[in-house]
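Step one of this worksheet: look at the structure below.
The values are calculated or read from the model by the stated rules, or taken from the named source; none is laboratory data. Note that the structure is a prediction, hence the values are computed from the model and not measured. Here Cβ is always computed from backbone atoms with ideal geometry, including for glycine, and neighbour counts include all displayed protein chains.
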Amino acid sequence: MGKIDFIERELQSLREKGHYRQIRWIEEGPSPWVRMNGEKVLLLCSNNYLGLANDPRLKEKTLRAIEEWGCGSGGSRSISGSLAIHRLLEERLAQFHGCEKALLFNSGYSANLSILTALMGREDVIFSDELNHASIVDGCRLSRASTQIYHHLDMDHLEFLLRKSDPKGKRLIVSDGVFSMDGDEAPLPELTNLARRYDALIMVDEAHAIGVMGAKGRGTAERFHLSNQLDIIVGTFGKALGCFGAYVVGSRSLIEFLINKGRVFLYTTALPPPICASVLASLDLLEEEPDRRDRLWENVRYVRGGLEELGFDTMKSKTHIIPVLIGEPERTMEMTRRLLERKVFAQGIRPPTVPEGKCRLMVTVMATHTRKDLDFALEQFEGVGRELGLIG
Ligand code: PLP
C-alpha cells in the first residue's frame, strides 16, 4: 500500500456518503448575475449582501490606494507592516462601534482563532453555542480551555452549565450574532444578563450582522442596544462590506493584550493597504446610503415569503440568511444542480457544515437584485421543487 492511499480511501468514502465537494468556478462577477461555465446565472448564495463588492466608488478608491501605497503591506504589524491606513481604519471602526479600540485581522477565521487562543487557556472555561462558526470551534479547541457546548440558543442550558462550572480561571461566553447556517439570531439580552450574573466575559461574532442588522448596520449589538455590554465584538469585511479581512473592537487593554499575545495577529503579514481603502469606502457608503439596507430587507422578505408560500421549509429564519431545508445530501445537491441548469445558483450545504439529515440550500439575496430577478428565482425553485417532489 502506498503511503498516500488513505487520501483516496477518504475521498471515496466522502463520495459514497454524498459529501464530496467540488469547487464551482465563477468566471465573471460579483454581481447579481455571474458567469459560470460560460453562461449567466443568477447568484443566490453570496455574502455580498449590499452589493458593495462591485461598486464603482469602492473600486476607484481601491485603485487610488494602489497608486499611493502599492499592493502589499510588506510585513507583519509588529515588525514593519503597521501603516497609517491601518490606523485610520482602526480608528474608524472603534468609532463605528462606540468602543475604545479596534484591531485588524486578515480574516474572520484568524480573528476568532487569535482572540480565543490569546485570552483563554487550560484553567479557563468557554461556553459556546453548538452552532457557532467553525472558526470559533477551532479557536476553542486550540485554546486548550475546557469548552462547554450549550444547545443552540438554549439559555436554560447555558445557565445550567455556567452554574455547574467552577473554573480556576476565567469564564467566557461566545456566540455568533447571526448564525450563518440557520439564519437565526443570538439572544443578546439574555446572554449579556447571564454573563453579568456569572462574571463571564462575552464575545459576539458579528460576521453576518455587520452592515445588515441594527439601524445603522452596526450589528445585532446595535439592534439590541447592547454594544457597551459586550467585551469583545468581531466583525468581518468580506460579507456585507464587500471587501476582505476582519477586526475586533473592545477596550484599550483588550486590544493591547491581543497585540502582544495574539499569535495569529503577530505572525502574519498585515492586511494590504488597498483593502483597507476599500473598507473605508465601504463604511462611507454604509453611512451615506442606508436605503441599500432597506432594499436588502425588502428583497429578503419577498423571497422568504415566496419560498414559504410555495411550501419550502425556511427553518423559521428571520434574518437575511434563508435556509431551505431539504434533508439528505443527494437530494440537496440534485436541487442545486437542477437549479443551475435553470440558471440559478443556490449552493447546497452538507455535513460537516450542517448536521446529518439537515442538508439545505443557503439562499441569500442582495440589495442589488431586482424584483424581476427574484421572480425568476422563485419560478425556478417552484419548478425544481415540484420535479423533486419537495413541494406539492
Ligand atoms: N464568523 C462567522 C460567523 C462566519 O460565518 C464566517 C464566515 O463565513 C467567519 C467568521 C469567517 O470570516 P472570514 O470569511 O472573514 O474568514
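A few remarks follow.
- Scanning the range 305-320 for residues being within 17 Å of ASP375 (Cα to Cα) and within 20 Å of the chain's Cα centre (by Cα) gives a total of 0.
- Residue list for the range 88-115, restricted to those being within 12 Å of the ligand (Cβ to nearest atom) and within 27 Å of PHE224 (Cα to Cα): LEU104, PHE105, SER107, GLY108, TYR109, SER110, ALA111, ASN112, LEU113, SER114, ILE115
- Residue match in the range 122-144 (condition: of a type in the set (A, V, I, L, M), away from the ligand (no atom under 16 Å from the Cβ) and within 22 Å of THR319 (Cα to Cα)): no
- Flag for LEU58 being within 15 Å of the ligand (Cβ to nearest atom) and closer than 27 Å to SER282 by Cβ: no
- Of the residues making up the range 115-134, those that are assigned to a helix (DSSP H, G or I) and surrounded by 21 or more Cβ atoms within 10 Å (Cβ to Cβ) are ILE115, LEU116, THR117, ALA118, LEU119.
- For CYS243: the one exception among (1) assigned to a loop (DSSP other than H, G, I, E, B); (2) more than 14 Å from the ligand (Cβ to nearest atom); (3) under 30 Å from LEU63 (Cα atoms): (2)
- Members of the range 256-274 that are within 19 Å of LEU88 (Cα to Cα), among the hydrophobic types (A, V, I, L, M, F, W, C) and buried (at least 21 other Cβ atoms within 10 Å of the Cβ): LEU258, PHE265, ALA270, LEU271
- Pairing each residue of the range 129-151 that is over 16 Å from SER107 (Cα atoms) with any residue that is near the ligand (Cβ under 10 Å from one of its atoms) and modelled with pLDDT under 95, provided the two are 6+ apart or on different chains, yields C-beta distances under 9 Å for LEU131/SER180; LEU131/MET181.
- The set of residues from the range 49-80 being touching a Gly at 6+ places or on another chain (Cβ under 8 Å) and closer than 19 Å to THR269 by Cα comprises SER73, GLY74, GLY75, SER80.
- Top-ranked residue of the range 170-193 - restricted to ones that are surrounded by fewer than 19 Cβ atoms within 10 Å (Cβ to Cβ) and farther than 24 Å from TYR109 by Cβ, ranked as farthest from the ligand (Cβ to nearest atom): ASN193
- Failed condition for ASP199, given (1) over 22 Å from the mean Cα position of the chain (by Cα); (2) without any contact (Cβ under 8 Å) to a residue 12 or more places away in the chain: (2)
- The set of residues in the range 151-208 being of a type in the set (Ser, Thr, Tyr) and assigned to a loop (DSSP other than H, G, I, E, B) consists of SER165, SER180, TYR198.
- Leading residue by the ranking (surrounded by the fewest Cβ atoms within 10 Å (Cβ to Cβ)) among those in the range 35-53 that are within 22 Å of GLU298 (Cα to Cα) and in contact with a strand residue (DSSP E or B) (Cβ under 8 Å, 6 or more places away or on another chain): CYS45
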